[in-house]
Amino acid sequence: MAKSVDRNSYEEFGDRKEELVRSERLAFTGRIAASIAHEIRNPLGNVYMAVQQLKKGCAPDSPWVKHIEVITRNTERINFLITELLNCARPPKLNIEPHDIHEVLESVLDAVRTKIVLQHIKVHKELDTELSVINVDNEQIKRVFSNVMINAVESMPENGEMTVVTENDENNFIVKIKDNGHGIPDEDIIRIFDPFFSTKSTGVGLGLSICYGIVVSHGGIIGVESEMNKGTTFTISLPIR
């Protein structure tokens, strides 16, 4: 007699397989990034120093100054991209200490307050009154929440709504950041954590990859659910112990 396959077990297997594929993809990106960073940064540094010397030799009103500034900006941009690529590809060094996640979330909300006010976004908070102090790297987790919140705000028109929910089970502290924006298409959502994938015309596509690496380094899980024209929910689950 054929054995029936439990649906939950099958879905769990699918989730684990997806996590393994994503982790291997990031590991491969890390190997590539590490191998090219040194080769690119050395000549890039030489270009930057040579351009600065040229700038010193030019009169302030020289027509060459604007070209030198273009080269300077682009060398700095390339160096920034190399750094971000390395950040998303290698596990960050964590400074783990007890922190109140509710205080961390409030700090991040204050930091993105200008964007929220400019777009007249309403923020709702549904915070669990029980345990909220867990061991995390404060700055790294702030980066995760900040990135997700900014994405949420930018995905909504004016007068949108963002909801921050916290809850915990026996093993995990869970943070959900919901928006009622335009949503993410199915063909994009499976790639949302891939390096260099972005739905923004000006996006680099490394922010969520870095967030993924930070959460995984904490032993946690980050996931996303979305429905077109209804909104998106990011769920960050962090181990309590």
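Side notes on the structure shown:
- Rounded FRET efficiency, nearest 0.05, which uses the C-beta distance separating Ile190 from Glu69 and R0 of 41 Å: 0.50
- Counting 0.36 nm for each residue step from Lys115 to Arg77 and taking away their Cα separation leaves a gain of 11.3 nm.
- Least to most buried among His102, His67 (fewest other Cβ within 10 Å first): His67, His102
- Rg/Rh, computed from the Cα trace of segment 62-213 with Rh as the Kirkwood radius, has the value 1.03.
- Asn168 long-range amide H proximity, modeled H, under 5 Å: Ile174
- Working from label points 7 Å from Cα in the Cα-to-Cβ sense, the Lys122 to Val165 distance is 1.7 nm.
- Hz values of 3J(HN,Hα) by residue in segment 43-49 - Karplus curve (6.51, -1.76, 1.60), Gly and Pro given as x: x, 5, x, 5, 4, 4, 5
- For segment 96-239, the relative contact order is 23 percent, taking Cα pairs closer than 8 Å that sit 6 or more residues apart in sequence and dividing their mean separation by the residue count.
- Across all Cα atoms of segment 160-241, the radius of gyration (one decimal) and Dmax (whole number) stand at 13.4, 41 Å.
- Low-density loop cleavage sites - GluC sites (Glu not before Pro) in segment 100-185, where at most 15 other Cβ are within 10 Å (DSSP): Glu130, Glu158, Glu170
- Counting neighbouring Cβ atoms within 10 Å and putting the fewest first, the residues Phe197, Phe145 line up as Phe197, Phe145.
- By the beta-carbon count within 10 Å of each Cβ, the least crowded to most crowded order of Tyr48, Tyr212, fewest first, is Tyr48, Tyr212.
Each value in this text was obtained by applying a stated rule to the coordinates, not by laboratory testing. Quantities reported herein were computed from a predicted structural model and do not represent experimental measurements. Note: ideal-geometry Cβ built from the backbone for every residue, glycine included; neighbour counts use all protein chains shown.
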